[in-house]
Amino acid sequence: MRTMGEEEELAAMRKEELQNPTTGWMVIKQAYKALEGGGWMVVGTSPQVKIESRNNKMEMQSVNNKALIGELNKLLERLRIPPEYASSLTGGPFDEARMLQNVEACDWLAGALRALEPPSLDSNYANMRAVREKRTELENLKSTFVRRASEFLRNYFASLVDFMISDKTYFSQKGQLKRPDHADLRYKCRTYARMLQHLKSLDKSCLGSLRKAYCHSLNLLLRREAREFANELRASTKASRNATVWLEGSSGSNSGSNADTSTVSEAYGRMLTIFIPLLVDESSFFASFMCFEVLPLVPPGTPSSVSMGGSNDDENDDDLSLMDLDGNDIKPNQSSMELDSLNEALQELLDGIQDDFYAVVDWAYKIDPLRCISMHGITERYFSGQKADAAGFVRRLLGELQTRITSQFNRFVDEACHQIERNDRNVRQVGVLSYIPRFATLAVRMEEYIQGQSRELVDQAYTKFVETMFTTLERIAQIDPKHADIVLLENYAAFQNSLYEQANMVPTLAKFYHQASEAYEQACTRYINSIINYQFEKLFQFAQKVENLLYTITPEEVPFQLGLSKMDLRKTLRSSLSGVEKSLQAMYKRMQKNLTSEELLPSLWDKCK
């Protein structure tokens, strides 16, 4: 402890040193170096000052050491692997009871990997050997867990489906149609939904094999369900087979029978009612369960399972919204690449099931080809109701069904047109051709089956039918040119009479009705002219000669031509008109003899008079 006098003496000595230019400059330089080095070196001071300076250095070193130890402890904490997590990741079971521990271990592993990467870890630490080694160890843990979990899930999916397939009570059986129920299957799969999200976070590339495994297993189940259901549906549906020969002239009275075949289209509708909502739900569940970042295939609040009259057996709706690892809803980015991947996966998931739908369509066609109209309408309603299916497979399936139904119906139309053409047998035919009234019956039946749907399919058929009918009629009429107009007017009249009511309701038939009306009038005019010409042939021949001569000579010169004198004219008039009443009666009888449709005679005679 210094006295007051010593302090004053020491202060005077420092003042004297600082006043010395050389000494003052050295102190400033040393102070600058001390600032650069983190400490002070006081020159020319007493031992007490040196001790104080040393104490300050030690105190600062102590503080720095404590801070360094704290940082190292934090780093060591990041590098520590809890043994319980290591055990779960490398060898723990994946049964349902252990899923909470597995998820916790995944949470820890994901966090530990993030903690060793910038910005969580200072870049100064990133290249430390201990950090690199620990990062390698964590990567090994990750790859081990991903491999084990992927192998387990692939086997798990297969075992779930194998168990269901081995139990016949899951499927339709003789005398019992079974609605597929996947509620338990989805419940068991959802147990591992969070683990799948972790697998995607840890190694997204592993999802490809998992998706394929799930698609392969579930595809076997869906196809078995559809096949058994379709087989029993056909076996349990009672319907008399309608003849497919509608318009052939040689067909018997059974052609176009009126047996009720409504059960056929009802069976097809039931197939769609059961399986279309199921396929939509499976597509949606798959997209969510397998972590596709796409917009929901079925928007929230859309009761896909009860659409189009179906019932919803699964009262607990699946929560299919995408969530991140923290439980927050994901706002998916609808990228075309992700959507394409989903479409490819859904193709694997559902491919082949269309064959059983085709089998029902073909079966219905064989029973009653006209039921294609009803089935087309049913499919059309489902198709318009599936616009929410962004993935597209169900819409594509419905589109393919429409194409199949249209193809089968066009096959029927083509065959019916061939039946019409077979009426042209190169022999004279009289009266109304058989396909005219039969087409009217066919049109009535087709209109019954439309039931408010789009008319395009039926109108195209009408167009092809009628064009073939009219073309064939014209060919048949030309076989006997002498009676061609009689054949034409009788058949065009029969066409109008048989389709009068339908033409008032169907624009396409109305167009052909008017076409037939024009053709009828033309045929009537030609026929009446031929009848009159036959009865008054000499008179018309005389008039024709006069008319021809007027092109070359004057009217005054006509009476001087051979056979055209006034005497010749009086003879011609006397011979043609002397028995007019008899001639008219002969005309009437001739018309009566030529016509097979007596109801046409009064109107034709009126035209003739």
Quick check: anything in segment 219-229 exposed (fewer than 14 other Cβ atoms within 10 Å of the Cβ) and at pLDDT below 95? no
Given the condition on the phi > 0 side of the Ramachandran plot, of a type outside the set (S, T, N, Q) and out of contact with any strand residue (DSSP E or B) (no Cβ under 7 Å at 6 or more places or on another chain), answer yes or no: does some residue in segment 442-460 qualify? yes
Which numbered condition trips up C372, out of (1) at pLDDT 90 or above; (2) within 23 Å of S217 (Cα to Cα); (3) not hydroxyl-bearing (S, T, Y)? (2)
Which members of segment 448-466 meet the condition of being surrounded by 14 or more Cβ atoms within 10 Å (Cβ to Cβ) and in a helix (DSSP H, G or I)? Y449, I450, L457, V458, D459, Q460, A461, Y462, T463, K464, F465, V466
Quick one: what pairs do we get from segment 94-111, first residue under 11 Å from T191 (Cα atoms), second hydroxyl-bearing (S, T, Y) and outside any helix (DSSP H, G or I), C-beta under 7 Å, 6+ apart or different chains? E96/T191; M99/T191
Counting only residues that are assigned to a loop (DSSP other than H, G, I, E, B) and small (G, A, S), which one in segment 407-442 is nearest to A364 (Cα to Cα)? S434
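Can you tell which of R475, R404, R445, R395 is at pLDDT below 90 and in a helix (DSSP H, G or I)?
On the way: R475 fails: at pLDDT below 90; R404 fails: at pLDDT below 90; R445 fails: at pLDDT below 90.
Just one listed residue meets the conditions, R395.
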For the structure I just gave you, tell me whether I553 is out of contact with any Gly (no Cβ under 9 Å at 6 or more places or on another chain), at pLDDT below 95 and not in a helix (DSSP H, G or I). yes
Cβ pairs under 9 Å, 6+ apart, first in segment 332-351 and in a loop (DSSP other than H, G, I, E, B), second at pLDDT below 90 and among the aromatic types (F, W, Y): P332/F292; D351/F393
If we keep just the residues of segment 176-185 that are more than 15 Å from F275 (Cα to Cα) and not hydrophobic (A, V, I, L, M, F, W, C), which is modelled with the lowest pLDDT? Q176
Kindly check whether there is at least one residue in segment 153-175 that is acidic (D, E) and over 30 Å from I274 (Cβ atoms). no
Selection within segment 144-182 - surrounded by 13 or more Cβ atoms within 10 Å (Cβ to Cβ) and of a type in the set (G, A, S): A149, S150, A158, S172
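The values are calculated or read from the model by the stated rules, or taken from the named source; none is laboratory data. None of these values were measured; they are calculated from a predicted model. Positions of Cβ are backbone-derived with ideal geometry, glycine not excepted, and every protein chain shown enters the neighbour counts.
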